[in-house]
Amino acid sequence: MNKMKNSFHIIILFFITVSLPVTAQKRTVVKDQKPNVIVIYTDDHRYTGVNAFGASQVQTPNLNALVSDGVSFSNAYLMGAFTGATCIPSRAMLLTGRNLFELEGRGKVISEAHQTMGETFQQNGYYTHIVGKWHQNNASLVRSFNSGDKIMGRSAYLVDHYRMPLWDWSAAPDFTRKDAYLLTFNNQKEIVRRALTIEDKRGPIGTELNGPHTSEIFAEDASKFIKEYQKKKPFFMYLAFHAPHDPRQAPEEFKKMYPVENIELPPSYMQQHPFDNGHMFLRDEQLAPWPRTTEIAKQELADYYAIITHLDTQIGKVIKALKESGAYDNTLIVFAGDSGLAVGNHGLIGKQNIYDEDGVHIPLVFSGNLIKDKGSQKEAFVYNFDIFPTICDIVGIKTPASVTGKSLQPILNNQLKTVRDHTYHAYRQFQRAYRKGDYKLIEYVRAKDVSKDVDEHFRGSRVTQLFNVKNDPWEIYDLSFFPDHKELLEKMQSEMKAKAVELGDQIQNVAEEKFDFWDYYHPK
């Protein structure tokens, strides 16, 4: 293994894309040089959004190839979020290796006491570079990277993949709206930039005729970096895509691949969620009308598949860039999404829930020459914040003391089958879940203001669900009310409450929350 570490570059791809007409320069492996690392993250890319995992209609040949050439995890999860923008804490957990309850607030700010991936690699002789989406504070962005290309998500958002406000990387911790620009096509179909103005209306109103798609933009920047990189230091690259986040825009050729009438709805499709889960009316759920008819659900799913396949095509371009540069043979590729997405499952559209596929189940694959057990799938329970310490172990650098995730290297090396026996999930103060073995408990509290003249036990509504996820992966058949499962249900409820205490799941740890789930949770 040490010999392999000395001779291979490593790249961690969390869903990627890349293309540029740049002449590749072949690089040779420097003896004893640590591996390169590229972390690529995609947005709202659920587990079955990869054909190799879900056997769904979505076409992802490049991602499938990575799965075949690596080790995948069938039970990789986001722990949850205390904000509807679940990508914020997801990225904070990924970048710091810390769990949801150990973040600062909702994850927008990364404390200086919480060392990031970028900082860690800088301190260990790496050149660090960023392309794409950044959802944390400017100070943590600047201290994590030596350089970068186009950045999005700083202080303006037009809700449009074809008209995305961008910023050029700057070492100064100040990204303001006045510096944002758009990439557009001129009359000669050349890409030009212009300043973002107050006249630029929110979308989605853009098409492929207006300008390049965000996936193409970020892929181009990443490809150029890979092909032109000639520094002696190994590099760490964070490539964060906005796709397949809504709006689900893709070029017409990709839309034509998915005729709406041919779309097959998954087993958990519903026209409406059967009860109020505590947060039914927010932006994501208002992207489609109620009820979610089969026509509406099929259209949403067709658009979702189209933008994923477009993203997958960009991934193929990145792989090509790696091969042309000579880096591919010395590369470990890992890709993952930041959250699940409902797109019609359980009558939901967004990811503000803790059902598996609809909210927290993510794809995760480690692929490339450093992986021996190619094509295998591990059933171990893992979180996205386990990725950071795993990378450290693979490349042979010390994991920072601030990281609390668990390294998956013993699983990759077939030394262990798992590093934990359960998962715990939270969405704001409305939902909690506990998975152990084949079963998953979900509890819902819809809190209500309690006045003096209202019985103290009437505090809104509560709903309990129990699923055998092994036999029912789409979480359709609720077992919570069956007498045969009463003992199991009570055991899991007790264990979930104990885990909450262990994790520090308390309202004072998250600002701006009005209620505490546990004040209103009273198992029968």
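The values are calculated or read from the model by the stated rules, or taken from the named source; none is laboratory data. As the structure is a prediction and not an experimental result, all values here were calculated from the model. Heads up, the Cβs are rebuilt from the backbone with ideal geometry, glycines too, and the neighbour counts pull from every protein chain shown. What goes into the accessible areas is simple: the full protein's heavy atoms, side chains included, and nothing from ligands, DNA or RNA. Shrake-Rupley method; radii C 1.70, N 1.55, O 1.52, S 1.80 Å.
For the reader, a short list of remarks on this structure follows.
- Where strands (runs of 3 or more DSSP E) fall wholly inside the range 320-402, the ranges with 1 or more residues that are of a type outside the set (Lys, Arg), farther than 30 Å from residue 463 by Cα and open to solvent by less than 10 Å² (accessible area, probe 1.4 Å) are 332-337, 364-368.
- Which numbered condition residue 278 fails, given (1) open to solvent by less than 40 Å² (accessible area, probe 1.4 Å); (2) more than 20 Å from residue 384 (Cβ to Cβ); (3) touching a helix residue (DSSP H, G or I) at 6+ places or on another chain (Cβ under 8 Å): (3)
Every residue, every condition in (1) within 26 Å of residue 391 (Cβ to Cβ); (2) modelled with pLDDT of 65 or more, yes or no:
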position: 19; (1), (2): yes, no
position: 22; (1), (2): no, no
position: 30; (1), (2): yes, no
position: 33; (1), (2): yes, yes
position: 38; (1), (2): yes, yes
position: 44; (1), (2): yes, yes
position: 50; (1), (2): yes, yes
position: 62; (1), (2): yes, yes
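- Just one residue in the set 297, 288, 336 is in contact with a strand residue (DSSP E or B) (Cβ under 9 Å, 6 or more places away or on another chain) and closer than 26 Å to residue 430 by Cα; that residue is 297.
- Residue check for residue 218: touching a residue at least 24 places away in the same chain (Cβ under 8 Å) and in contact with a His (Cβ under 7 Å, 6 or more places away or on another chain): no
- Where strands (runs of 3 or more DSSP E) fall entirely within the range 167-259, those with at least 3 residues that are over 29 Å from residue 303 (Cα atoms) are at 235-240.
- Screening the candidates 285, 295 for the property of being over 30 Å from residue 392 (Cα atoms), open to solvent by less than 50 Å² (accessible area, probe 1.4 Å) and outside any loop (DSSP other than H, G, I, E, B) yields one hit, 285.
- Count of the range 239-275 residues, restricted to those that are of a type outside the set (S, T, N, Q), open to solvent by 40 Å² or more (accessible area, probe 1.4 Å) and in contact (Cβ under 8 Å) with a residue 60 or more places away in the chain, is 8.
- Members of the range 118-138 that are at pLDDT 95 or above and in a helix (DSSP H, G or I): 118, 119, 120, 122, 123
- Considering (1) modelled with pLDDT of 95 or more; (2) in a loop (DSSP other than H, G, I, E, B), the lone condition that residue 496 does not fulfil carries the number (2).
- Put simply, of 142, 131 the only residue that is of a type in the set (A, V, I, L, M), touching a residue at least 24 places away in the same chain (Cβ under 8 Å) and farther than 30 Å from residue 324 by Cα is 142.
- Matching residues in the range 76-117 - criterion: being closer than 25 Å to residue 365 by Cα, part of a loop (DSSP other than H, G, I, E, B) and touching a strand residue (DSSP E or B) at 6+ places or on another chain (Cβ under 9 Å): 78, 79, 86, 99, 107
- If you filter the range 186-214 down to residues that are in contact (Cβ under 8 Å) with a residue 40 or more places away in the chain and charged (D, E, K, R), you find that the one that is least open to solvent (accessible area, probe 1.4 Å) is 200.
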